[in-house]
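Before any comments, here is the structure.
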Amino acid sequence: MKDDSKQFRGIPIVRSGSKYQTEAGFSAIKDGIKSRRDAPELTIGGKPKWLRAQMPSGAKFSTVRQTVRDHRLSTVCEESMCPNIGECWNHGTATIMVMGSVCTRACRFCAVDTGNPKGWLDEEEPENTARAVKLMNLSYIVLTSVDRDDLPDGGAAHYAACVKAIKKMTPGTAVEALTPDFQGALEQVELVVDSGLEVFAQNVETVKRLTHPVRDPRSSYETTLKVLAHAKKHRSNILTKTSLMLGLGERDHEIMETMDDLREIGVDVLTLGQYLRPTPNHLAVERYVTPGDFEAYRQEGLEKGFVEVVAGPLVRSSYRAERVLQKNNVGIAI
């Protein structure tokens, strides 16, 4: 196997889109999508001013980063190149990504590395995650994960163990789980839902027409709806949540149809954000949605009955998640 990684002062440097060997001994593709010679232009033009985010820095940012390193944790904040990492980490919050940082799927919008972990799991991760949450003194934590199609249960038992460990160590911490679809296996959904969490999320990502090529072929619009519907039916007192990226070529009527589908199955919270292309190998941006349009979509969603619609150019699934019940667009002025 060819390994395209290089060294700089002893530190592995891997080019985006190239294959490398992980510390756990299996191969992966950096940033999820192989390099493409026919990749289209990176952007549709310069980014508008409302998409500018501050460079991450500050004492709290450094503390959270060190806590993550010390406990051998992955965060979706880093792996997905989230533009809000500086703001969130400086407020002492992070979205922890369990089951490693290599996904078995290769969605064309996502910068998480892709590979086959071949059953690898860190058995100490549930306790390490719980200790990190306690150390950061969090009242609300979002747990997410890569897809683990290599595991018989998709990692549901490990996911549930992480939630239970947090609840045991810090019972007052509210937990949101942004999960894989578990290939539609509803017993695995129940295992996670019954672990003690407050919010269950699974992202539909885009409108039905664009599900492929935006998402991996193993993912589907229908499966996400099935998972969200069952989570709500199985435990009606939890909040269910999903997210849509805009700017991939969707049309207004498709956004409205997606909202209707989500409300029909009782989804409580919807987040809407701008898709930003992470590397030249990923899907191109088709349009930059204006702050005014985001506000209009939010109002449409509220009228359809969502508990809250969090909308804005830099909004991501977990952005200011602990504030969602304030019902003020989590304090975003757009």
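Nothing in this text is a laboratory measurement; each read-out follows from the coordinates by a stated rule. Because the structure is a prediction, the values reported are computed rather than measured. Positions of Cβ are generated from backbone atoms using ideal geometry, with glycine treated the same way; all protein chains shown enter the neighbour counts.
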Could you tell me which of rounded, prolate or oblate describes the stretch 213-330, using a ≥ b ≥ c as the square roots of the eigenvalues of the alpha-carbon gyration tensor, with rounded for a/c under 1.5 and, failing that, prolate when a/b is larger than b/c and oblate otherwise? oblate
Phi-derived 3J(HN,Hα) across the stretch 15-23 with the Karplus relation (6.51, -1.76, 1.60, θ = phi - 60°), rounded Hz, x for Gly and Pro, is 6, 4, x, 9, 8, 8, 9, 6, 5
7 Å from Cα along Cα→Cβ at both GLU300 and TRP120: what's the point-to-point distance in nm? 4.3 nm
Through the Karplus equation 6.51 cos²θ - 1.76 cosθ + 1.60, θ set to phi - 60°, convert the phi angles of the stretch 213-223 into ³J(HN,Hα) values in whole Hz; use x for Gly and Pro. x, 5, 9, 4, x, 7, 9, 8, 4, 5, 5
Report, by chain and number, residues whose modeled amide H sits under 5 Å from the one on THR144, excluding near sequence neighbours (fewer than 5 apart, same chain). ILE96, MET97, VAL98, LEU178
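Could you work out the Rg to Rh ratio of the stretch 260-328, with Rh taken as the Kirkwood radius (inverse of the mean 1/r over all Cα pairs)? Each step should come with its number before you reach the end.
Values: Rg = 13.2 Å, Rh = 13.1 Å.
Computed over Cα atoms, the ratio is 1.01.
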What are the ³J(HN,Hα) values, in whole Hz, obtained from phi via the Karplus relation 6.51 cos²θ - 1.76 cosθ + 1.60 with θ = phi - 60°, for each residue of the stretch 224-239 in sequence order, with x given for Gly and Pro? 4, 4, 4, 5, 5, 4, 5, 4, 5, 5, 5, 9, 5, 7, 8, 8
The long-range amide H neighbours of CYS103, using H built 1.01 Å from N in the peptide plane and a cut-off of under 5 Å, are ASP113, THR114, GLY115
Amide H to amide H under 5 Å from VAL315: which residues, 5+ apart in sequence or cross-chain, H placed 1.01 Å off N in plane? GLN274
With just the Cα atoms of the stretch 111-183, tell me how far they stretch along each of the three principal axes, in Å, largest first. 34, 22, 20
Per-peptide average of other Cβ atoms within 10 Å, ordering 277-290, 311-324 highest first: 311-324, 277-290
